[in-house]
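*Asks:* First the structure, which I've put down as structure tokens, then a few questions once you've had a look.
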Amino acid sequence: MTDDATQDASRYKSAGKDAASPPEDPVESPTQCKPSAFDAASRELLWRFMQDWVFPRWRQLLVAFALMTCLAAVTGGYPMIIKLSFDTLMQTEGNNLLIVLAGIIAITLLRSIFLYFQTVTTQRIVTRMATDMQKVAFTHLIGADFARLSRETPGRLLSRLTNDINFIQTALQASLNTAVRDILMVIALVASMIYLDPLMSLFVLGVYPIAALPIALISERLRKVAKQTQIELGDMTSMLSENLTGTRLIKTFRLEDYTSERMHGSFEDVFRLKMKAVRNRAKLDPILEALGGLAVAGVIAFAYWRIANGISTVGDFMGFVTALLMAAQPIRALGNLTGRVQEGLAAAESLYGLIDEKPKIVDRPGARPLAVGKGAITFEKVSFGYEQTADRDAVIDFTLDVPGGTTVALVGRSGAGKSTIINLVPRLFDVTGGRILIDGQDIREVTLQSLRGSIALVSQDVTMFDDTIRANIALGRLEASEADIIAAATAAAAHDFILEQPRGYETRIGASGLRLSGGQRQRVALARAILKDSPILLLDEATSALDTQSEQLVQEALTRFTANRTTLVIAHRLSTVQNADVICVMEDGRLVETGRHYELIARDGAYARLARGADLAGNGDVTDAGVVEQR
């Protein structure tokens, strides 16, 4: 991250604003549009954006402004050269012709040079800002609570980091080029016009302010459309991501037509909103064009009268018209600027809504590193409820002592609360009642870094990155040596199949590890956990995708790896849990039975019913040994 980005990130840590949720439908009817394009909230947002992103880059901006000033000064000389050339042509002697030609060439060359360097400098500043925004936003997002990350689809979050920032980048580019370069050019050209003919200049300058009111109205509408467009773009990106990652389901269920119809509808929604913005922006140019035509017609009529009466020359007229025509484009850009800025502000509001969110699961004041001894875990009357299901708790009054170095299996029907228990240990969520202790230390009173550094997780939903097998295993311990990586892969029964890959450990496995089978991905994930070598291991149906032979190999590896290590296991296969030190049966978020396999079978209670396959309702996994239901 650049120094600027680092400074930006530090500023956001102290930002005092609360994140505002996007409105359900930010597009209002035209009758609700107010004449003021920049209300108090917009000005406050713009000022904050300037402080965060623009002012820290004042050195680079000074260079860009200097180049813009030089470009404007050279541009302002164009009408003067045109006046001189026509005055020379009207004379019988051509003594000044060479000077005029040399001046035209010099001005054109200088303008080209300054335009090139100004464009590159400005683009570099704007692109750097956009890149640093993405860095800050991603760093903030990846550090957010797990619950917050689960609240939005990856596609929506992706849209915020790409589409929204693209809107901001476009607005920044337009602002720097128009608010500075074009204004300077207009000033230089107006100065030439005033020098050539003050009266005609006064007439022209009186025409363009008439456009201020309709431009303000249109710009306000553009901002509202931009907000809705960003929401629709997020929905479209989310749906697109889901469909592209769900191609296996789409193909096997023959859902191509259904999927295409849904995506086409989303594309059409975005198209309609974009066209709405286009129609609003398209109104600006005709307004300015009509006013420009009125000004030119008036200038020609007035100039004809002045030339006919000998008050001014043809050179004055041509120089003035040249200045007027050259000023038309930057003036038109100024008219369009407010619309671009409003679109950028809508995107900036969305961006700040993201980076202003404060994580709730953070280190408490005075938090100390977790001191792990035996790794004993104690659940004291633990309760927890998800925000989206506030009417009932997922875990209710859960009390359990897990001695250090033992293996505890959690079993029960889907929705019983097993995975919630697993997620509470590394504080992916915080308990809403009771407490969890590790070796007598409340996990909310220790640092998150030390807590999660002491825990390794292997789940059914294996996360793989589009990188090499070596890199995916090394995520367990980034500084691990080659020998450590190979040893971990061997322990996870993964070394042999890795060597069979085209490039062995250097084989790239594709997005989400799609070039590997489900069983291979889980063995790589297990190797990652073994490499981390944490004293506490969480296994959330870690062997569910393995065939019988692979499961046997992994179970042998797990038996060695879990020795003297505190392990919580969720499993749906009886063979996985029957050798656990303690089996805990959960129903509706409550712990209803605990004991060893043979004890629970003899008790003939909930566990025995699961093992016999009773009350399954199709939710279990039948094996030769019996049935234990999954989550």
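Where a number appears in this text, it was derived from the coordinates with a stated rule and is not lab data. Computed from a prediction, not measured in an experiment: that's the story for all the values here. Don't worry about glycine lacking a Cβ; one is built from the backbone with ideal geometry, like all the others, and counts go over all protein chains shown.
*Asks:* Which of the peptides 520-526, 127-133 is most tightly packed, and how do the rest follow, judged by the mean count of other Cβ atoms within 10 Å per residue?
*Replies:* 520-526, 127-133
*Asks:* A further question follows. Once amide H atoms are placed 1.01 Å from N in the peptide plane, what residues at a sequence separation of 5 or more from THR507, or on another chain, have their amide H within under 5 Å of its amide H?
*Replies:* The answer is ILE469, ARG470.
*Asks:* I need the phi-derived Karplus couplings for the range 123-140: 6.51 cos²θ - 1.76 cosθ + 1.60, θ = phi - 60°, integer Hz, Gly and Pro marked x.
*Replies:* Whole-Hz 3J(HN,Hα) from phi for the range 123-140: 4, 5, 4, 5, 5, 5, 4, 4, 5, 5, 4, 4, 5, 5, 5, 5, 4, 5.
*Asks:* Ignoring solvent entirely, what values of log10 I(q)/I(0) come out of the Debye formula for the range 341-448 at 0.11, 0.16, 0.17, 0.22 Å⁻¹ when each Cα is a single scatterer?
*Replies:* Normalising to I(0) and taking log10 leaves -0.47, -0.80, -0.87, -1.23.
*Asks:* If neighbour count is taken as other Cβ atoms inside 10 Å, put PHE267, PHE320 in order from fewest to most.
*Replies:* PHE267, PHE320
*Asks:* Let me ask something else. Taking every pair of alpha-carbon atoms in the range 413-568, give the share separated by more than 22 Å as a whole percent.
*Replies:* So the pairs more than 22 Å apart make up 42 percent of the total in the range 413-568.
*Asks:* Out of residues 5 or more away from VAL395 or on other chains, whose amide H comes under 5 Å of its own, with H placed 1.01 Å from N in the peptide plane?
*Replies:* Excluding prolines and chain starts, which carry no amide H, the hits are PHE384.
*Asks:* Taking neighbour counts of Cβ atoms within 10 Å as a proxy for exposure, in what order, fewest first, do GLU387, GLU506 appear?
*Replies:* With the fewest neighbours first, GLU387, GLU506 line up as GLU387, GLU506.
*Asks:* Convert each backbone phi in the range 505-512 into a coupling constant with the Karplus relation 6.51 cos²θ - 1.76 cosθ + 1.60 (shift: θ = phi - 60°), then list the ³J(HN,Hα) values in order as whole Hz, x for Gly and Pro.
*Replies:* Each residue of the range 505-512 in turn: 5, 8, 6, 7, 9, x, 4, 6 Hz.
*Asks:* Going down the list LYS135/LYS532; LYS274/LYS358; LYS135/LYS358; LYS381/LYS418, which pairs span over 23 Å between their C-alpha atoms?
*Replies:* Values: LYS135/LYS532 27 Å; LYS274/LYS358 33 Å; LYS135/LYS358 17 Å; LYS381/LYS418 15 Å.
Over 23 Å apart, Cα to Cα: LYS135/LYS532; LYS274/LYS358.
*Asks:* What whole number of Å gives the distance from the Cα centroid of the range 109-133 to the Cα centroid of the range 586-604?
*Replies:* 69 Å
*Asks:* Fewest to most neighbouring Cβ within 10 Å: what's the order for THR399, THR567, THR119?
*Replies:* Listed from fewest to most nearby Cβ atoms, that is THR399, THR119, THR567.
*Asks:* With θ taken as phi - 60° and the coefficients 6.51, -1.76 and 1.60, list the Karplus ³J(HN,Hα) couplings across the range 466-481 in order, rounded to whole Hz; mark glycine and proline as x.
*Replies:* 6, 8, 6, 4, 4, 5, 5, 5, 5, 4, x, 7, 4, 8, 5, 7
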